[in-house]
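*Asks:* Please see the structure below; I have some questions.
All of the numbers you see were taken from the coordinates with simple rules; none came from a lab. Note that the coordinates shown come from a computational prediction; the quantities given were computed from them, not determined experimentally. With ideal geometry, Cβ positions are generated from the backbone for all residues, glycine too; neighbour counts draw on all protein chains shown.
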Amino acid sequence: MTNTDKALALMLPRLKSKESRRITMLGNTAIRMIKQHLDCYESKRGCLHGNG
């Protein structure tokens with residue numbers, strides 16, 4: 001278990017439900033942005049690969 005995992009394990013129980021909901025929302029937004037970025041990257045790479 002890394003120090004980050006330990007810190008998270010200590011922090012999570014202290015979070016209020018409102019805060020954890022906000023963090024979940026931010027996490028979901030970040031995941032969606034990353035997925036969009038990856039989809040864009042994949043499609044670009046596919047086009048480049050097809051042209052090459």
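*Asks:* Quick one: if you stick a label point 7 Å off each Cα along the C-beta vector at ILE34 and THR2, how many nm between them?
*Replies:* Distance between label points: 1.2 nm.
*Asks:* Once phi is turned into θ = phi - 60°, what whole-Hz ³J(HN,Hα) does the Karplus curve with 6.51, -1.76 and 1.60 give for every residue of segment 26-32, x standing for Gly and Pro?
*Replies:* 4, x, 5, 4, 4, 4, 4
*Asks:* Further question on the same structure: Setting aside same-chain residues fewer than 8 positions from LYS44, which lysines have a Cα under 29 Å from its Cα?
*Replies:* Qualifying lysines at Cα under 29 Å: LYS35.
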